[in-house]
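Report on one structure; see the data block that follows.
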Amino acid sequence: MRERIDLRPLLRETVTSAYNHLVTRPTGISLRQLIEARIGTNPHPTTQLDFGSIGLLDYSCADEIVAKLLLNAADDRPRYLVLVNVSDTHREAIDHVLETHRLTVIAVPDDGAPPGILGWRTPDLLAAFDAVQRLGAGDSGRLADALGWTIERAADALQSLALRRLVQAASGTYCPLPLL
């Protein structure tokens, strides 16, 4: 299950002017606090942040909203964050900020392209993520067969995806997050 949060109405609560740009660190802090409050009261493990109605996103807002949401994620309850309707301009700011913090998040582009990973990543992480998205739920044996890898390499990649909260893991099975 998932919850979808459209950022534009929250931005309207945060800033009195009628613009749709996420700029300045104080704006990012205020918006993140509203998002954290919504996430904290929602029972769904997956939260989608919808950037579809957002124009410009600067580095300070990307840091405050996306990076700090990931950094502040409580470990007592599994929480997953997915960014949807991410444009090329959003992607640039988010990717840069997350790489700096060595964080990773799933992003669904606004152009209909398949979901991908923003932030810190390795070739194995990308290949494993793409395979899980394509194949659906499975274990390290299935991933190893699909990619021509050893079981150990597949298990390491799946564990890394799970630790970065890019897949859900339960009893050796790794499942893609609900994206749409």
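Working carefully through the options Ser30, Ser87, Ser53, find the one that is among the hydroxyl-bearing types (Ser, Thr, Tyr) and without any contact (Cβ under 8 Å) to a residue 24 or more places away in the chain. Steps first, please.
Values: Ser87 fails: without any contact (Cβ under 8 Å) to a residue 24 or more places away in the chain; Ser53 fails: without any contact (Cβ under 8 Å) to a residue 24 or more places away in the chain.
Of the residues listed, the single one that is among the hydroxyl-bearing types (Ser, Thr, Tyr) and without any contact (Cβ under 8 Å) to a residue 24 or more places away in the chain is Ser30.
When the residues of the range 121-142 are narrowed to those that are part of a helix (DSSP H, G or I) and small (Gly, Ala, Ser), which ends up surrounded by the most Cβ atoms within 10 Å (Cβ to Cβ)? Before you say what the answer is, go through the steps one by one.
Here is the first cut: in the range 121-142, the ones part of a helix (DSSP H, G or I) are 123-135, 140-142.
Going one step further and asking which of them are small (Gly, Ala, Ser), we end up with 127-128, 131, 140-141.
Numbers: Ala127: 17, Ala128: 27, Ala131: 21, Ser140: 22, Gly141: 12.
Among those residues, the one meeting the criterion is Ala128.
Restricting the search to the range 143-168, which residues are under 15 Å from the mean Cα position of the chain (by Cα) and outside any helix (DSSP H, G or I)?
To start, the set of residues in the range 143-168 that are under 15 Å from the mean Cα position of the chain (by Cα) comprises 160-168.
Matches in the range 143-168: Arg164, Arg165, Leu166, Val167, Gln168.
Among the listed residues Gln133, Gln159, identify the single one that is free of Cβ contacts under 8 Å to residues at least 12 places away in the same chain and of a type in the set (S, T, N, Q).
Numbers: Gln133 fails: free of Cβ contacts under 8 Å to residues at least 12 places away in the same chain.
Unique residue meeting the criteria: Gln159.
Go through the range 8-33 and give me each residue that's at pLDDT 85 or above and out of contact with any strand residue (DSSP E or B) (no Cβ under 9 Å at 6 or more places or on another chain).
Result: Thr24, Arg25, Pro26, Thr27, Ile29, Ser30, Arg32, Gln33.
Scan Ser171, Ser140 and give me the residue that is among the hydroxyl-bearing types (Ser, Thr, Tyr) and either modelled with pLDDT under 95 or within 15 Å of the chain's Cα centre (by Cα) (or both).
Numbers: Ser140 fails: either modelled with pLDDT under 95 or within 15 Å of the chain's Cα centre (by Cα) (or both).
On inspection, the qualifying residue turns out to be Ser171.
Report yes if Arg32 is surrounded by fewer than 19 Cβ atoms within 10 Å (Cβ to Cβ) and of a type outside the set (Ser, Thr, Tyr), otherwise no.
Details: surrounded by fewer than 19 Cβ atoms within 10 Å (Cβ to Cβ): no; of a type outside the set (Ser, Thr, Tyr): yes.
Judged against the criteria, Arg32 is not a match.
Return a yes/no flag: does the range 84-92 have any residue that is closer than 20 Å to Arg12 by Cα and touching a helix residue (DSSP H, G or I) at 6+ places or on another chain (Cβ under 9 Å).
For the range 84-92, residues closer than 20 Å to Arg12 by Cα and touching a helix residue (DSSP H, G or I) at 6+ places or on another chain (Cβ under 9 Å): present.
Among the listed residues Leu57, Leu98, Leu69, identify the single one that is within 30 Å of Pro26 (Cβ to Cβ), hydrophobic (A, V, I, L, M, F, W, C), crowded, with 22+ Cβ neighbours inside 10 Å and within 12 Å of the chain's Cα centre (by Cα).
Values: Leu57 fails: within 12 Å of the chain's Cα centre (by Cα); Leu69 fails: crowded, with 22+ Cβ neighbours inside 10 Å.
Criteria check complete, one pass: Leu98.
With respect to the numbered conditions (1) charged (D, E, K, R); (2) touching a residue at least 40 places away in the same chain (Cβ under 8 Å); (3) out of contact with any strand residue (DSSP E or B) (no Cβ under 8 Å at 6 or more places or on another chain), which one is the sole condition not fulfilled by Asp111?
Answer for Asp111: the failing condition is (2).
What number of residues within the range 162-180 are free of Cβ contacts under 8 Å to residues at least 60 places away in the same chain and either on the phi < 0 side of the Ramachandran plot or surrounded by 20 or more Cβ atoms within 10 Å (Cβ to Cβ) (or both)? So that I can check it myself, show each step before the final result.
Filtering the range 162-180 for residues free of Cβ contacts under 8 Å to residues at least 60 places away in the same chain gives 162-163, 167, 169-176.
Then keep just the ones that are either on the phi < 0 side of the Ramachandran plot or surrounded by 20 or more Cβ atoms within 10 Å (Cβ to Cβ) (or both); that gives 162-163, 167, 169-170, 173-176.
Total satisfying the criteria: 9.
Among the residues of the range 98-121, write down those that are of a type in the set (Ser, Thr, Tyr) and either farther than 19 Å from Tyr174 by Cα or in the same structural domain as Leu166 (by TED's automatic domain parsing) (or both).
Kept after step one, since they are of a type in the set (Ser, Thr, Tyr), are these residues of the range 98-121: 100, 104.
Within the range 98-121, Thr100 is the sole residue that qualifies.
The values are calculated or read from the model by the stated rules, or taken from the named source; none is laboratory data. As the structure is a prediction and not an experimental result, all values here were calculated from the model. All Cβ positions, even for glycine, are placed from backbone atoms using ideal geometry, and neighbour counts span all protein chains on display.
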